[in-house]
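Have a look at this one.
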Amino acid sequence: MGEIAEKVIIITGASEGIGRALALELASQQTIVVLAARNEQRLEELKKQVESRGGRATVIPTDVVDKNQCKRLIDQTIEQYTRIDVLVNNAGRSMWTGFEEIADLSLVEELIQLNYLGSVYCTYYALPWLKKSKGSIVPVASVAGFTGVPQRTAYSASKHAMVGFFDSLRIELEGTGVTITTVAPDYVLSELHRRACNKDGNALGKSPLQESKIMTAEACAKLIVKAMVKRDRLVLTSARSRIGRWLKLFAPGMVDNIASKAIRERK
């Protein structure tokens, strides 16, 4: 997939953050993007922006925790375009609270369902079509999928599950022509942090991070598109995450300290 013009690319969680930025970045390369998220109004607004940049877009409102809606997303994409070239599993939510402070354990279930199982459902229904196109799957995980992060226990667990699932699936798909590019962002400036769950399961309402010091969603989207074109295996978006991945093998306690410091300093 050296060129992505005219490729049909599904993006879940497309209404904001990395998903929205990715749709706009792809639009400038004349791709066909299928925009999936729960908020139809935001998706329709994004569609107009995509088209103004030279891309084509279709809106399919989807809640990925619902298997039937995931199947409908794939079915409607095929009905309209007859093919799927890339599935970007981006829908997700974060948290910012200590495990012992959680008021209702349904918060843990919600994050596992949305961040992990939603990706599994979409992938399951898209896979036969991706095999036909020899396409690509792009799970947007997190650096928290490779190391523990305090205040984000359930979120980190869901992203670890994503990484493990897609690493295993990659091996199963060897020889089919389907590739998997796992994206593991560090902190990215997006609505994800404002919508992160507090101890009661409600949205924080404001970002707890020093936003001026973290990567923009637009910069992250450019890295994803570059990796998508090259069919890279893994994308780590910061020097901290690249160093930490290897350091964990030899000095895991140091990596714990790095993660703890990142939370304290909010950057």
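The values are calculated or read from the model by the stated rules, or taken from the named source; none is laboratory data. Just so you know, these numbers come straight off a predicted model, no measurement behind them. Here the Cβ positions follow ideal geometry from the backbone for every residue, glycine too, while neighbour counts run over all protein chains shown.
Among 225, 163, 235, which is the only one that is closer than 29 Å to residue 129 by Cβ, hydrophobic (A, V, I, L, M, F, W, C), at pLDDT 85 or above and not in a helix (DSSP H, G or I)?
235
Right, something else. Between 135, 164, which is among the small types (Gly, Ala, Ser) and in contact with a strand residue (DSSP E or B) (Cβ under 8 Å, 6 or more places away or on another chain)?
After applying the criteria, what remains is 135.
Scan (1) crowded, with 18+ Cβ neighbours inside 10 Å; (2) in contact with a helix residue (DSSP H, G or I) (Cβ under 7 Å, 6 or more places away or on another chain); (3) of a type in the set (A, V, I, L, M) for the single condition residue 78 breaks and write down its number.
It fails just one condition, (1).
Which of the residues spanning the stretch 86-98 are out of contact with any Asp or Glu (no Cβ under 9 Å at 6 or more places or on another chain) and either charged (D, E, K, R) or more than 19 Å from residue 109 (Cα to Cα) (or both)?
Correct list: 86, 87, 88.
Please tell me if residue 87 is part of a helix (DSSP H, G or I), among the aliphatic types (A, V, I, L, M) and closer than 24 Å to residue 186 by Cα.
Taking the combined requirement at face value, the residue does not satisfy it.
Under the condition of being of a type in the set (Lys, Arg) and at pLDDT below 95, which residue from the stretch 167-209 is surrounded by the fewest Cβ atoms within 10 Å (Cβ to Cβ)?
Of the residues in the stretch 167-209, the ones of a type in the set (Lys, Arg) are 170, 194-195, 199, 206.
Filter again for at pLDDT below 95, leaving 194-195, 199, 206.
Working: 194: 16, 195: 18, 199: 16, 206: 9.
My answer is 206.
Out of 98, 19, which single residue is under 24 Å from residue 220 (Cβ atoms), in contact (Cβ under 8 Å) with a residue 40 or more places away in the chain and not aliphatic (A, V, I, L, M)?
Answer to the check: 19.
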